[in-house]
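The values are calculated or read from the model by the stated rules, or taken from the named source; none is laboratory data. This structure is a prediction, so every number in the text was calculated from the model and none was measured. Every residue, glycine as well, gets a Cβ built from its backbone with ideal geometry; the counts of neighbours run over all protein chains shown. Each accessible area value is taken on the protein alone, full model and side chains, heavy atoms only, with ligands, DNA and RNA left out. Shrake-Rupley method; radii C 1.70, N 1.55, O 1.52, S 1.80 Å.
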Amino acid sequence: MSETVSVSSFSRLLHPCSTFLVTCCGEDGRANIVTIAWLTPVSLKPPLLCMSLRPERFSYGLIKATNEFVVNVPSFELGRQSLYCGRISGAEVDKFAATGLTPAPAQHVRPPVIAECLAFLECRLVEDIEAGDHHIMLGEVLAAYAQQGILEQSGLYDLERAHPLLHVGGDRFTSTQVEAIDL
């Protein structure tokens with residue numbers, strides 16, 4: 001027996017999803033943070049990822065203006081800040097000041113990284129594709145790095161030390177609190 005879900009809510013069946021804090025800035029250098037769950041790698045050669053963003057979002061205009069953004073991977077401990085950054089417009093407030101998150105210089109792009117996050121992907125926008133009520137923003141990964149001591153030698157997260165934030169839906173989040181197994 002199955003339960004019918006409204007097609008307009010199909011995305012909820014794909015959750016939980018990793019949660020990301022994407023930083024961007026305008027030509028004036030003022031930084032902003034937007035919370036994204038709809039983000040995925042699409043190519044290794046060249047290194048590309050895509051994220052889905054509504055064009056009416058303040059961050060969309062900033063990314064289009066500079067063609068740069070940083071994907072920051074928050075830990076479970078940053079859940080409240082992540083929810084805030086997804087609910088409040090950066091056109092109205094300085095999200096770094098409001099959340100207490102720390103901007104730090106990126107290596108190759110103007111938008112800052114968020115010092116409290118686990119890992120960072122610095123990106124250059126290569127394509128913006130209209131897709132219904134969202135746009136698919138295709139980014140080339142220029143640099144990828146993580147906090148010292150949170151990765152295993154394999155390059156995977158050490159789940160004893162790092163607990164990436166996962167979005168379940170609405171205001172609900174979870175993390176990797178169960179033991180990972182190799183199958």
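L62 meets the stated requirement of being over 24 Å from L13 (Cα atoms), of a type in the set (A, V, I, L, M, F, W, C), touching a residue at least 12 places away in the same chain (Cβ under 8 Å) and assigned to a helix (DSSP H, G or I). Scan segment 130-156 for residues that are at positive phi and in contact with a Ser or Thr (Cβ under 7 Å, 6 or more places away or on another chain) and the total you get is 0.
The set of residues from segment 1-56 being among the acidic types (D, E) and either touching a helix residue (DSSP H, G or I) at 6+ places or on another chain (Cβ under 9 Å) or touching a residue at least 40 places away in the same chain (Cβ under 8 Å) (or both) comprises just one member, E27.
Scanning segment 71-93 for residues that are without any contact (Cβ under 8 Å) to a residue 40 or more places away in the chain and either part of a loop (DSSP other than H, G, I, E, B) or touching a Pro at 6+ places or on another chain (Cβ under 7 Å) (or both) yields a total of 5.
Across segment 8-52, what is the number of residues that are part of a strand (DSSP E or B), open to solvent by 10 Å² or more (accessible area, probe 1.4 Å) and more than 16 Å from P74 (Cα to Cα)? Within segment 8-52, residues that are part of a strand (DSSP E or B), open to solvent by 10 Å² or more (accessible area, probe 1.4 Å) and more than 16 Å from P74 (Cα to Cα) number 7. In segment 94-126, what count of residues is obtained for those that are open to solvent by 30 Å² or more (accessible area, probe 1.4 Å), part of a strand (DSSP E or B) and touching an Asp or Glu at 6+ places or on another chain (Cβ under 8 Å)? Adding up the residues that qualify gives 2. When segment 38-66 is filtered for residues that are more than 16 Å from the chain's Cα centre (by Cα) and closer than 21 Å to D133 by Cα, the ones remaining, listed by number, are P55, E56, G61, K64, A65.
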